[in-house]
Amino acid sequence: MLGVLGGGQLGRMFALDAARLGYRVHVFDPEANCPAGQVSAIEVNAPYSDEGALKRFAGAVDAVTYEFENIPLRAIEVIAELAPVRPRGEVLHICQHREREKNFLAARGIPCAPFWVVDSAEELADALRAVDGPGVLKTAEFGYDGKGQMRVRTGDDPHEVWTRFGRRRAVLEGWVDFTHELSVICARGLDGATSVFPVIENRHTDHILDFSIIPSRVPEAAQAEARSIAQGIVAALDIAGILAVEFFLSRDGRLLVNELAPRPHNSGHFSLDACVTSQFEQQVRAVCGLPLGSTELLRPAAMLNLLGDLWKNGEPAWDEVLAEPDVKLHLYGKDAARLGRKMGHICVLADSADEALRRAERIKASLSSA
């Protein structure tokens, strides 16, 4: 019996791959009929603050993992008294908070954008002078898909910016002039063995992942460095599970770590169809102490996120998508389509990354114009 905290699409795909390996999955999520609950043995619906429900949940499973970061640390502590949580709570504590995450990276000499922690208009004024150019002000916690971020620059009125930002503790990051956004998904087992998926090239629209291209089309030296950095981070965090590392590749060729996610990642969905082992099966293997699987890429691929915007005129024409050769459709079972909401994804397989991307772009254009 495996437990997963969070009932979104990542938990859904975890549960499906766990079931193929013979495990029964229990999902804990505040909302009923969550995507993961639809395909799991048991769905528990309660707030993450309900310690009684958390204890009952933990008492019924052999190990617990999670599918997103915005889980109160206290919930992890309660569960850990009854069942192992992987990755452990300390990892979540670091990765769910930008200030702690940046300090962790900086303390270990891991390259990232210059940053300043600010907790007042006066501290923001000092940071704006120090950044000496454009930057991005980000909330210290609970930010994703571009939420809780504001573009700023030297010369802005710090009091006006601080008021517009909501007077929340934040991290000001120096702007990175990048050519590519990349990600690496790395697994680490209970025995310390690591396994790295192919480096992924990502394209975002309005701060939300739009396309992922695999293999990435950047120099091999940069790919090797990205894999090495990711393996170093999972070792430093002493992770048992999955970690996604997001990178900027700067115009002058430097790799800078942007964010960490201690769970499967949107950019890794291609692995369900294009790799020997998916990121979700790898998560199951790592959490359960099984040997890690092969991450070999069987065919180049491009992944397209399907956002709720595509439902503006009703259900998209999936029959036309499924008529495409070498295209796999994944829908997440969400009740309502909303602008910017991730409703599913498409994976296009081809003989080259360029060809896969061209076909994915054509499919998106067709769906968007319907």
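Take the residues of region 50-89 that are within 13 Å of R263 (Cα to Cα) and without any contact (Cβ under 8 Å) to a residue 24 or more places away in the chain: which is surrounded by the fewest Cβ atoms within 10 Å (Cβ to Cβ)? It comes out as G89. Does E101 count as within 21 Å of R151 (Cα to Cα) and either surrounded by fewer than 17 Cβ atoms within 10 Å (Cβ to Cβ) or modelled with pLDDT under 95 (or both)? For E101, the condition - within 21 Å of R151 (Cα to Cα) and either surrounded by fewer than 17 Cβ atoms within 10 Å (Cβ to Cβ) or modelled with pLDDT under 95 (or both) - is not met.
Reported count of residues in region 31-42, each being surrounded by 15 or more Cβ atoms within 10 Å (Cβ to Cβ) and out of contact with any His (no Cβ under 8 Å at 6 or more places or on another chain), is 6.
Taking region 338-366 on its own, how many of its residues are touching a helix residue (DSSP H, G or I) at 6+ places or on another chain (Cβ under 7 Å), modelled with pLDDT of 95 or more and of a type in the set (A, V, I, L, M, F, W, C)? So the answer is 7. Condition check for L272 on (1) more than 26 Å from R338 (Cα to Cα); (2) not in a loop (DSSP other than H, G, I, E, B): one failure, at (1). Looking only at region 217-239, which residues are within 19 Å of E201 (Cβ to Cβ) and either in a helix (DSSP H, G or I) or outside the structural domain of G253 (by TED's automatic domain parsing) (or both)? Within region 217-239, E220, A221, A222, Q223, A224, E225, A226, R227, S228, I229, A230 qualify. Per the listing D191, D119, the residue uniquely outside the structural domain of A244 (by TED's automatic domain parsing) and either touching a Ser or Thr at 6+ places or on another chain (Cβ under 9 Å) or more than 25 Å from D252 (Cβ to Cβ) (or both) is D119. In this structure, L306 does satisfy being part of a strand (DSSP E or B) and of a type outside the set (K, R).
Taking the conditions (1) part of a strand (DSSP E or B); (2) more than 26 Å from F178 (Cα to Cα) in turn, A286 satisfies each one other than (1).
Here is a list: R251, R217, R227. Which entry is of a type in the set (D, E, K, R), free of Cβ contacts under 8 Å to residues at least 60 places away in the same chain and surrounded by fewer than 21 Cβ atoms within 10 Å (Cβ to Cβ)? Answer to the check: R227.
Summed over region 311-344, residues that are surrounded by 11 or more Cβ atoms within 10 Å (Cβ to Cβ) and part of a helix (DSSP H, G or I) total 5.
The values are calculated or read from the model by the stated rules, or taken from the named source; none is laboratory data. Because the structure is a prediction, the values reported are computed rather than measured. Cβ atoms come from the backbone with ideal geometry, glycine included; neighbour counts cover every protein chain shown.
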